[in-house]
Amino acid sequence: MLTVENANLHYGAAQALRGISIKAEMGKITCVLGRNGVGKSSLLRAVTGQHALSAGSVTFDGVTLNGLAPFARAKQGIGYVPQGREIFPLLTVKENLETGFAPVSRRDRTIPEDIYDLFPVLKSMLSRRGGDLSGGQQQQLAIGRAMVTRPKILVLDEPTEGIQPSIIKDIGRAIRYLRDSTGMAILLVEQYLDFCRELADYVYIMDRGEIVHEGLAETLDTPEARRHLTV
Ligand SMILES: Nc1ncnc2c1ncn2[C@@H]1O[C@H](COP(=O)(O)OP(=O)(O)OP(=O)(O)O)[C@@H](O)[C@H]1O
Ligand SMILES: [Mg+2]
């Protein structure tokens, strides 16, 4: 299980996270919802080691991650699908997938077949450049690349952003498959309420750097939860 406890995060004098505590359990999809700029990506940067906390802790599988570099966290089993996908545009699809080999041991340096079962388009485009793919295809590639690292938890930052509905469906199916087939934990950050309601086992709502609501996915339909999500 991943646990974030009383996390504060600053960019210079500006505070982006204020005493955040969340949990993401194995075999569950945990969703963090919030409007633009409330600190969702900052929370994931704290989990993946892209940005240090100024207070609080991140632990995974009983190991405290504070102070560990992103590479070391990937080795601990944290797979990251960043906002905006961050595909290497000049590398081929295959090479993009192979960048996921870096944190895994030599004998595990193969591309899992289920990536192609989930996203057949990647198989047909293996020798195309990442930059030539559509946004939706790049999103599938980013999830595939994270799967190559053999994660125990997959952390996704707004995977539906700017993606057409048919591919959003494929991504939802992939996330569910990963939870059910491997029992991994999924931590998903989103603005898209319906996507979260359909997928999530447990939800948090963030507002201005704080958790303002938590509960089962059904609780998203209460007026109190809605209030935090409408502009
Ligand atoms: N590198 C940075 N330097 C300074 N301030 C930053 C930096 N990154 C983010 N911020 C600020 O921190 C706050 C939280 O940003 P963050 O990117 O975590 O929000 P978000 O919820 O992911 O937003 P979005 O939905 O637009 O992706 C915002 O006010 C933002 O302007
Ligand atoms: Mg963000």
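Bear in mind that the values in this text are calculations on the coordinates, not laboratory data. Please read these numbers as outputs of a predicted model, since none were measured by experiment. In this analysis, Cβ positions are derived from the backbone assuming ideal geometry, glycine residues included, and neighbour counts consider all displayed protein chains.
List of remarks:
- Cβ crowding within 10 Å ranks LYS28, LYS75, LYS40 as LYS75, LYS28, LYS40, fewest other Cβ atoms first.
- Helical runs (DSSP H, four residues minimum) scored at -39500 (n - 2.57) apiece and divided by the length of the chain put the mean residue ellipticity at 222 nm at -9000 deg cm²/dmol.
- Peptides 116-124, 155-163 ranked from most to least packed give 155-163, 116-124, packing being the mean of other C-beta atoms within 10 angstrom over each peptide's residues.
- One Cα centroid belongs to segment 85-129, the other to segment 167-213; the line between them spans 23 Å.
- Among beta bridges that DSSP assigns inside the chain, antiparallel share in %, nearest 5: 55 percent
- Of the chymotrypsin sites (Phe, Trp or Tyr not before Pro) found in segment 137-231, no site is in coil according to DSSP while having at most 13 other Cβ atoms within 10 Å of its Cβ.
- Using 0.36 nm per residue and subtracting the Cα-Cα separation, the extra length available between MET26 and ALA13 on full extension is 1.2 nm.
- Residue order, fewest to most surrounding Cβ atoms within 10 angstrom, among CYS196, CYS31: CYS196, CYS31
- For the chain, diffusion coefficient by Stokes-Einstein and Kirkwood Rh (Cα), 37 °C, 0.692 mPa s, µm²/s: 184 µm²/s
- Lys-Lys pairs in segment 2-229 that are eight or more residues apart or on separate chains and whose Cα atoms lie under 22 Å of each other come to 12.
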